[in-house]
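Heads up: the structure comes next, in structure tokens.
Each reported figure results from applying straightforward, stated rules to the coordinates on display, with no laboratory input. All values derive from a computational prediction rather than experimental measurement. When we count neighbours, we look across all protein chains shown, and the Cβ atoms used for this are built from the backbone with ideal geometry, even at glycine.
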Amino acid sequence: MGCIPHRKKEIFIENKTLKNSAENSKIMISKKLSNCINSNSNKKSNKIPDNKNESLKKFRIERGLFIQGFCGDPMEKYEIINSLGEGSYGKVYKVKIKNTEKYRAMKVIKKRYQYNPQEEEKIIKEIQILKKLDHPNIIRVFEFFNTKSDFYIISELCEGGELFDRIIKLKKLNEKVAAYVMKQLLSTIQFCHKNQILHRDLKPENILIESEGDSQKEDNLFIIRVIDFGTAEIFKNNTLLSKQIGTPYYIAPEVLNNKYNEKCDLWSCGVILYILLSGCPPFYGKNDNEIFEKVKKGQLNFKQKIWQEISDDAKNLIKSLLEFDYNLRPTAEQALEHPWFLKVLGKGNKIRRTSETFETDHESVLNTVNSNAEKLNNQNAIASYTNSMKEVLLNLKNFRAERKLQQATLYFMVQQLLTSEEVKEIREIFFNLDEDQDGRLTKEEILRGYKKSKYFFCSLEEIEKIMDLVDIDKNGYIEYQEFISAAFPKEKILNEENVKRAFDVFDNDKDGKICSEELKLVLGGSNEENDEVWKKLISDIDLNGDGEISYYEFSQMMYNLISSA
């Protein structure tokens, strides 16, 4: 068996003919892409609601609403700092928004000389999937650009590099670091699967490390981001897929046999865990065909000397994830309950940032700090966490953004303007409240969080009110960015620059006012409302009664959230 897996490109297998992914990465995109990305079409309904207020109450603000596409030149907005990497898909650069200190990543995909509608459809599909995903460990995408020669994807910058490079550098990870990574990965996959999304190409190359500092030492824990949903698929329960897509080493046997479901992602997780702990792939071959043959046999072994140092619990989890029969393979939710995580990470085995790890049980959080935080003053660290917890729960309890435009504006600011560093403490608290680690909060989880905290009393009626205001897409859960929108201190996010940037998003014609047609253009989405509802959204904020929202009226609407807190 060979060690240290070399990079493998995803393979698309159709009619038993292998096609290298390099052919699938230079994508031709026509101008209709921008229209598909910005799916907020002006839908009209012939139905006139009996009660406009009731219709407003059901009004949905969709996930990914502000991830928009443009046909202009991205270099008018961004300045290239340096190259981050290059592959068959194109190049990735570190870029800066001009006249700011905000840095992002820019993925540049060269278009084919000859138009290819299938590849265009593939890119459109990836964009729509990314817009559905709101999880702390999934890469955050900001916008897209479609020019004559290239396609650009602008996302958050993860300066820690690929997990693949981390493995190459260290040869392997210790069990605690590996468990920390897998906890995040399985939480991500659980979230995707509950949203009917199958990744199909999980591998260390598609996992980024958030911060460069997090990965410098061997025993440092670090936050990850899952990327590249280009081969992802929206699936239906109890329906099998047949198209062979994946990467050698990580592809599941049932995918090679043209009969699989979402459990193929769990197989890939098993391969990743095997490599994290040993530095070697479980099914090695000199070429792709040899690898495929070994994968099809699925004969797993732990004969290498390195496995004598690995716990039986870790090997047991790997065996379960690499169960040949996908019907017997655990779900991501079941895998997260494996005793290995509890034994390696301890009672507080939720996902934490390296230097700020705490017990998840709120009763013991004041008494326990992770060993990685020993270099800090423990008392100060505990006090900081306690204050953050109190502030977040109080902000959530006092959230009063009752107007839809207020909710949408806060969501825009969180999705587009805040950095990972600014929300790191809120992220930890979100993970604390998320008991089943599926990346979203239920009414029951929030209620239990308040009871455990002992900081504030929150009645069931108040929890219902929180859900009604914070769950802006009306799916019955509070997702990550919805939570931040309510929990982040309003006095920190509602500054002149952010309010003006938000106003400009709605002011499409840049005349200094927002009309009902402009609101419909941005917020339309799946909201099939008649004109009266859009006018109602305007009139709730229109102080002078001219039928439009001026910047003054808009800013007063937002600043009122500070005074009402």
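Could you compute the FRET efficiency for Cys3 and Leu240, with r as their C-beta to C-beta distance and R0 at 41 Å, rounded to 0.05?
Numbers: r = 34 Å, r/R0 = 0.84.
Once the sixth-power term is evaluated, E becomes 0.75.
For the pair Asn289 and Glu462, what calculated FRET efficiency results from E = 1/(1 + (r/R0)^6), where r is the Cβ-Cβ distance and R0 = 60 Å, to the nearest 0.05? Please list the in-between numbers first.
Numbers: r = 61 Å, r/R0 = 1.02.
For Glu462 and Asn289, the calculated efficiency is 0.45.
Using the structure shown, select from Lys91/Lys297; Lys8/Lys169; Lys77/Lys183; Lys390/Lys492; Lys243/Lys303 the pairs with a Cα to Cα distance greater than 27 angstrom.
On the way: Lys91/Lys297 37 Å; Lys8/Lys169 18 Å; Lys77/Lys183 37 Å; Lys390/Lys492 17 Å; Lys243/Lys303 34 Å.
Going by Cα-Cα distance, Lys91/Lys297; Lys77/Lys183; Lys243/Lys303 fall outside the 27 Å limit.
Looking at the stretch 262-310, which trypsin sites (Lys or Arg not before Pro) are DSSP coil and have at most 12 other C-beta atoms within 10 Å of their C-beta? Let's see the in-between values first.
Values: sites: Lys263, Lys286, Lys294, Lys296, Lys297, Lys303, Lys305; in loops: Lys263, Lys286, Lys303.
Passing both the DSSP loop test and the Cβ count: Lys286, Lys303.
Please go through the stretch 434-532 and write out the trypsin sites (Lys or Arg not before Pro) that DSSP classes as loop and that have at most 16 other C-beta atoms within 10 Å.
Values: sites: Arg440, Lys443, Arg448, Lys451, Lys452, Lys454, Lys465, Lys474, Lys490, Lys492, Lys500, Arg501, Lys510, Lys513, Lys520; in loops: Lys454, Lys474, Lys510.
Filter output for the stretch 434-532: Lys454, Lys474, Lys510.
Based on the alpha-carbon gyration tensor of the stretch 277-346 and its eigenvalue square roots a ≥ b ≥ c, which shape applies: rounded if a/c is under 1.5, prolate if not and a/b is larger than b/c, or oblate? Mind showing how you got there, number by number?
On the way: a/c = 2.75, a/b = 1.39, b/c = 1.97.
Oblate, since a/c reaches 1.5 and b/c is not below a/b.
Where does each of Leu256, Leu157 land when they are ranked from fewest to most other beta-carbon atoms within 10 angstrom?
Numbers: Leu256 17, Leu157 22.
In increasing order of surrounding Cβ atoms, one gets Leu256, Leu157.
Taking the Cα centre of the stretch 163-345 as origin, sum charge times position over the Cβ atoms of Lys and Arg (+1) and Asp and Glu (-1), and report the length of that vector in debye to the nearest 20. All intermediate terms of the calculation are to be shown ahead of the outcome.
Details: 25 positive and 24 negative charges, 78 e Å.
Dipole of the stretch 163-345, to the nearest 20 debye: 380 debye.
Are there any chymotrypsin sites (Phe, Trp or Tyr not before Pro) in the stretch 104-158 that are in a DSSP loop and have at most 11 other Cβ atoms within 10 Å? List them by number. Each step should come with its number before you reach the end.
Numbers: sites: Tyr113, Tyr115, Phe142, Phe144, Phe145, Phe151, Tyr152; in loops: Tyr113, Tyr115.
Loop-located and lightly packed - Tyr113, Tyr115.
Which of Asp73, Asp265, Asp201 has the fewest other C-beta atoms within 10 Å, and how do the rest follow up to the most? Could the numbers behind the result be given before it?
Details: Asp73 13, Asp265 30, Asp201 23.
The fewest-first ordering by Cβ neighbours comes to Asp73, Asp201, Asp265.
Provide Ile382, Ile306 in ascending order of the number of other Cβ atoms located within 10 Å of each residue's Cβ, fewest first.
Numbers: Ile382 18, Ile306 15.
Placing the least packed residue first, the sequence is Ile306, Ile382.
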